[in-house]
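Every number in this text was worked out from the coordinates using simple rules, so none of it is lab data. Since the model is a prediction, treat every value here as computed from it, not as a measurement. So basically every Cβ, Gly included, is an ideal-geometry build from the backbone, and we count neighbours across all protein chains shown.
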Ligand code: ADP
Ligand code: ASP
Ligand code: MG
């Protein structure tokens, strides 16, 4: 008998028929004798709808109140799933994040879990109950409701799997696993059988939203094996786990993110400490920066360009407004028309041939590269958003399909 944490995403719970299907999957697993903790997201696009309700009253809703509102989406799902299970004769108990013992910081809308008190869940498991937990939410030590950031039900599931020392964590979604590119964009994309935590972490950070980046970090830190698979199929999906093989360096996937914001600060004084001052201001507003380029500029001045996510635009503007009080620069530009395409695969950035082939493939398609960044296991290019889909297809053909054909020929 295993202890399994399962997570069902919003698209798997979009209507009552789908909730019935999820209930029957849970029953089947229970009938096989496993102990089960089931994490659920809000039904379909509920979270988006709740956000737009709030924003139609105030474009910048107070974040504590937004969390109070958003958490209701998952509360609908836990109770409906528990009711659906009762009609199949399966005993279950639904718990909000707070009731499940998930304690977070008070950074509303992107709270971090710092403790999970598992006593209540363990007690219910001992009583042979299926425990259904609302994903994406927790509570502060003072008892206020928080949410964990978009896609946060993945974090709830992986964190619970870690805290309960579950045998593994199953992420049920609307695709058959993790693919070599988003299968909704590239229909020929191939399902990947196994990925290391590092590769999955890069993919998630770079836009493959099938798994939330912090969920991967939790799994890696606690050695939780994660199985990403489809709610609508019995077939094996993708295992994310520790991989220590001496595999050849190769591109595993192409990822994309359409919501990049490029900011250029013009005529920044060319002297020690200025870059530190700029990035301190951004860090004070918790803005995550991806690429940075400092141009040659004129003798006493340089231009500094960097890339953030468009959802952080308001925070970037506030940070720059603070910065302007202490640092003089000659102007700034915001470009909201950019996207990022990336190659992911352990060790690829150390292979000059892969970088050359990437830039060459984009050049052949007439796609101009605006900025480039690399880490050990990725190479990313900033390109115009209207060319993003074309770029992903071109790179998928160059790095995945050519290899697939080669292997078929052998
Ligand atoms: P859920 O509602 O189950 O949490 P998400 O919409 O958050 O599902 O994530 C699943 C989606 O991730 C898929 O429908 C797919 O379009 C997208 N996706 C992006 N890149 C990839 C990839 N490389 N492999 C699989 N899915 C991907
Ligand atoms: N319902 C939340 C969202 O849409 C959390 C999740 O689905 O994981 O972001
Ligand atoms: Mg998701």
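Judged by the mean number of other Cβ atoms found within 10 Å, the most tightly packed of the peptides 260-267, 10-17 leads the ranking 260-267, 10-17.
Starting from the Kirkwood Rh over alpha-carbon pairs, what translational D in µm² s⁻¹ does the stretch 100-140 have by Stokes-Einstein at 4 °C and 1.567 mPa s? Kindly include the intermediate steps, with their values, before the conclusion.
On the way: Rh = 11.0 Å.
Translational diffusion coefficient: 117 µm²/s.
Between 0 and 90 degrees, the angle of helix 46-57 with respect to the longest Cα principal axis of the chain falls at about 60 degrees. Give, to the nearest whole percent, the P(r) tail of the stretch 318-388 beyond 16 angstrom, counting all Cα pairs. Summing the P(r) of the stretch 318-388 above 16 Å gives 58 percent of all pairs. Taking 0.36 nm per residue of separation and subtracting the current Cα-Cα distance, fully stretching the chain between residue 275 and residue 295 would add 6.0 nm.
Using 0.36 nm per residue and subtracting the Cα-Cα separation, the extra length available between residue 65 and residue 222 on full extension is 53.3 nm. Just to be sure I understand: if I project the alpha-carbon convex hull of the stretch 1-45 onto a plane and average over all orientations, what area do I get in nm²? Its average projected convex-hull area is 2.7 nm². Take the Cα of residue 174, step 7 Å toward its Cβ, do the same at residue 55, and the gap between the two points is 1.9 nm.
Considering only DSSP beta bridges whose two residues both sit in the stretch 85-144, what percent are antiparallel, to the nearest 5? Could the numbers behind the result be given before it?
Working: 3 of 8 bridges.
In the stretch 85-144, approximately 40 percent of DSSP beta bridges are antiparallel ones.
Against the chain, whose longest principal axis is taken from its Cα atoms, helix 313-326 shows a tilt of about 50°. Compared with the dominant Cα axis of the chain, that is its longest principal axis, helix 63-87 is turned about 40°.
Placing R0 at 41 angstrom, the Cβ-Cβ distance between residue 313 and residue 234 gives a FRET efficiency of 0.45 after rounding to 0.05. The Cα atoms of the chain cover 75, 61, 36 Å along the three principal axes, with the biggest extent listed first.
Structure remark: mean-square fluctuation, Gaussian network model of the chain, C-alpha springs under 10 Å; the largest value among 51, 83, 145 belongs to 51.
Label separation (residue 76 vs residue 334): 3.2 nm, computed from points 7 Å beyond Cα along the C-beta direction. Computed over the stretch 3-105, the Cα gyration tensor eigenvalues convert (square root of 5λ each) into semi-axes of 29, 16, 10 Å, ordered from largest to smallest.
The equivalent ellipsoid of the stretch 151-255 has semi-axes of 20, 16, 13 Å, largest first, where each one is the square root of 5 times an eigenvalue of the Cα gyration tensor.
Run the helix sum for the chain: -39,500 (n - 2.57) per DSSP H stretch of 4+ residues, divided by residue count, reported at 222 nm to the nearest 500 deg cm²/dmol.
Details: 12 runs with 147 residues, N = 410.
For the chain, the value works out to -11000 deg cm²/dmol.
Overall size of the stretch 305-356 from C-alpha positions, given as principal axis extents largest first: 45, 22, 18 Å. In a Gaussian network model over the chain where Cα atoms closer than 10 Å are linked, find which of 400, 113, 292 has the largest mean-square fluctuation. Of 400, 113, 292, the Gaussian network model singles out 292 as fluctuating most. When the convex hull of its Cα atoms is viewed from all sides, the stretch 224-363 shows a mean projected area of 13.1 nm².
Using only the Cα atoms, what convex hull volume per residue in Å³ does the stretch 111-209 have?
Values: hull volume 13.0 nm³, N = 99.
Considering the Cα atoms of the stretch 111-209, their hull volume per residue is 131 Å³.
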